[in-house]
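**Student:** One structure, as structure tokens, below. Some questions next.
The values are calculated or read from the model by the stated rules, or taken from the named source; none is laboratory data. Note that the structure is predicted; figures quoted are calculated from it, not measured. All Cβ positions, glycine included, derive from the backbone under ideal geometry; neighbour counts span all protein chains shown. Just the protein is used for accessible areas: all its heavy atoms, side chains included, with ligands, DNA and RNA removed. Shrake-Rupley method; radii C 1.70, N 1.55, O 1.52, S 1.80 Å.
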Amino acid sequence: MMTIPRHVAVKLQDWVEDVEDRGLEEVRKIPGYHDEPLTGVLRGLRSIRLSKSYRAYYRIVRDAVEFVRVERIDKHVY
């Protein structure tokens, strides 16, 4: 199990709260998150920037209710 730095966990919590308060479509417009759809092997996921090094990858799940499921958080390789 990977441990992430506290500032990364705080940024993820801020994103979650933003999504709860404003809605996902509005939060995607915030430039600091760099929200983008992924291609290739990660097609179907979207990523957000939590720091220069860390990304969170999420998927929109549509069932009876639409919700966002964070699939993973990892250190981005440049």
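**Student:** Taking amide hydrogens as modeled 1.01 Å from N in the peptide plane, which residues meet the under 5 Å criterion relative to LEU45, leaving out close sequence neighbours?
**Tutor:** Placed amide hydrogens put LEU38 under 5 Å from LEU45.
**Student:** Cβ neighbours within 10 Å, averaged per peptide: list 23-31, 45-53, 5-13 in order, most packed at the top. All intermediate terms of the calculation are to be shown ahead of the outcome.
**Tutor:** Numbers: 23-31: 12.0, 45-53: 17.2, 5-13: 13.6.
Order by mean packing, descending: 45-53, 5-13, 23-31.
**Student:** Counting heavy atoms of the protein chains only and a 1.4 Å probe, report the per residue accessible area for the chain as a whole number of Å².
**Tutor:** I get 72 Å² per residue for the chain.
**Student:** Here is a follow-up. Treat every Asp and Glu Cβ in the chain as -1 and every Lys and Arg Cβ as +1, leave all other atoms uncharged, and give the resulting dipole magnitude about the Cα centre to the nearest 20 debye. Spell out each step's value before the answer.
**Tutor:** Values: 15 positive and 13 negative charges, 93 e Å.
Charge dipole, the chain, about its Cα centre: 440 debye, nearest 20.
**Student:** Here's something else I'd like to know. Once phi is turned into θ = phi - 60°, what whole-Hz ³J(HN,Hα) does the Karplus curve with 6.51, -1.76 and 1.60 give for every residue of the range 16-24, x standing for Gly and Pro?
**Tutor:** Using θ = phi - 60°, the values come out as 4, 5, 4, 5, 5, 7, 9, x, 4 Hz.
**Student:** Just the accessible area for THR3, please: 1.4 Å probe, Å², rounded to the nearest 10?
**Tutor:** Result for THR3: roughly 120 Å² accessible.
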